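In what follows, a single structure is set out as structure tokens and then discussed.
The values are calculated or read from the model by the stated rules, or taken from the named source; none is laboratory data. Everything quoted here is computed from the prediction, not taken from an experiment. Glycine also receives a Cβ, built like all others from the backbone with ideal geometry; neighbour counts cover every protein chain displayed.
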Amino acid sequence: MQHTTPHNMTAFTKNFDRAIGSIRRSIVVLALSVPCLVGCSAISNLVTKGFDSPPEVSVPTRTSVNAAATPIPTSTLAASAPNGADGVSANATSAPLTMPGASAGATRRSGGLLSMNNDTSRANDNGLTEGGGNISQVSFAAEGGDYAPDVDRTGTFMVFASTQHRPTFDIYRKSVDGRTVTQLTTDPSDDLMPAIAPDGTKIAFASNRNGNWDVYTMPITGGAPTQITSDGDEEVQPTWAPDGRRLAFSRKNGRTGTWEIWIVDASTPGVRTFVCEGFLPRWSPEDTSDTLLFQRARQRGGRLYGVWTIEIVNGEGMNPTEIVSAKNAAILQPGWSPDGKKIVFTTVVNPDGNSEWPEQSDIWVVNADGTGRVGLTNSRFRNMQPAWGADGRVYFVSNRGGLENIWAIAVDGARNGTGSAEFAANASKKAKKDAELPTTPAAVVKDMTPDLLKADKLATVPD
């Protein structure tokens, strides 16, 4: 039996501690950069299960807020029992995540390399096409992937997060129709979820460069970032108010484990205001409408996300309103049209609680009052993270080209709208199922043509 010397044991201990630290960081990046499609308790479980309890942190006191704006915490969702109170499996709280781990790119390739033959008007198995051929590829990462696009108000350029040059995420800028990209961040940490200020001169983004997720701002041309949040809680997904001064963001409460929406003045980041519980806020672009759009999980049944709005009145959240939801689909990642009159969002029908990312998802549009729902995509691919541009196109992330890249589709190409309260699964799934059924030899197929329509019977038909 080989003996370990004290020197070797010291080296082994250092290497082991370094490996454990790397694993911890990887899990935190995966869990906190991406919310689940249903209740957010899965993120908390992923980070803390099997590790030490998180340290005590100082959580800012909430300001007074309308009671109607604070629902039951989402952390209560079936997290402590095999089945929830409604008999729903606890697995429903760990549905597919909305952002991949940086190292998972090789497993996320789609089955068909669509962009290689320039087939941008992909026909589905039900014969429908998406957007009448109005789909175009916008980014062209050959490795890794491009995610979370945001387009400036003029429709000239966009920013996005990408792993195309290294395993961690960086922020990039490119013109809407160009091929060249400019790298804005180079920190070895992960920089995600960029948002362009209304005047187009700076961006806000989330980064874990100082040990946990915080919100930063920086010039649109690059340069040293300014840290906006700095406490021990996780803060992600910033969005600018039309005044270009305030930022709303998602914050994971260190005491309750729930995701909340807060507002901060970028010029005085020490003062923050609680709005409501929710995730992925988006500020309405209308100057006269101080309204936030966000996703929130139901507190019963399948715990699937729906899309909500809330008004900011004298700094407080008022009148939370559900815009769209479905009992068979997660509705998430909402965004505004440039005029603030419509909403674009992602749907995942019957989400699988065991997947990191959904196998298939689609982009939809609805009026801000919840009417007029139409689908922009109807394919077998994963279409997510939509952002509405000033040019009338919706930019989104899709794996239809093999890897995740950014694509665009004209909104006037929508064609598969429905007034149903539920969302239809992609037709290609049905076609795949039908293809697996045993076929009947043609020779024994029963002729179901009525006798009066058969050629050899027509002679006997009375005049």
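Structure notes:
- Residues of the range 194-229 satisfying the condition of being buried (at least 24 other Cβ atoms within 10 Å of the Cβ), within 21 Å of residue 175 (Cβ to Cβ) and in contact with a Pro (Cβ under 7 Å, 6 or more places away or on another chain): 195, 203, 204, 205
- The range 328-344, subset surrounded by fewer than 24 Cβ atoms within 10 Å (Cβ to Cβ) and more than 19 Å from residue 409 (Cβ to Cβ), residue farthest from the chain's Cα centre (by Cα): 340
- Residue check for residue 217: part of a strand (DSSP E or B), over 18 Å from the mean Cα position of the chain (by Cα), at pLDDT 95 or above and among the hydroxyl-bearing types (Ser, Thr, Tyr): yes
- Per this entry, residue 179 is not counted among residues that are basic (Lys, Arg) and closer than 22 Å to residue 223 by Cα.
- The sole residue among 265, 199, 191, 233 that is closer than 16 Å to residue 161 by Cβ and either modelled with pLDDT under 95 or among the acidic types (Asp, Glu) (or both) is 191.
Matching residues to (1) in a strand (DSSP E or B); (2) touching a Ser or Thr at 6+ places or on another chain (Cβ under 9 Å); (3) crowded, with 21+ Cβ neighbours inside 10 Å:
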| residue | (1), (2), (3) |
| --- | --- |
| 346 | yes, yes, yes |
| 352 | no, no, no |
| 363 | yes, yes, yes |
| 372 | no, no, no |
| 377 | no, yes, yes |
| 384 | yes, yes, yes |
| 387 | yes, no, yes |
| 390 | no, yes, no |
| 401 | no, yes, yes |
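- Just one residue in the set 255, 272, 251, 245 is crowded, with 24+ Cβ neighbours inside 10 Å and among the basic types (Lys, Arg); that residue is 251.
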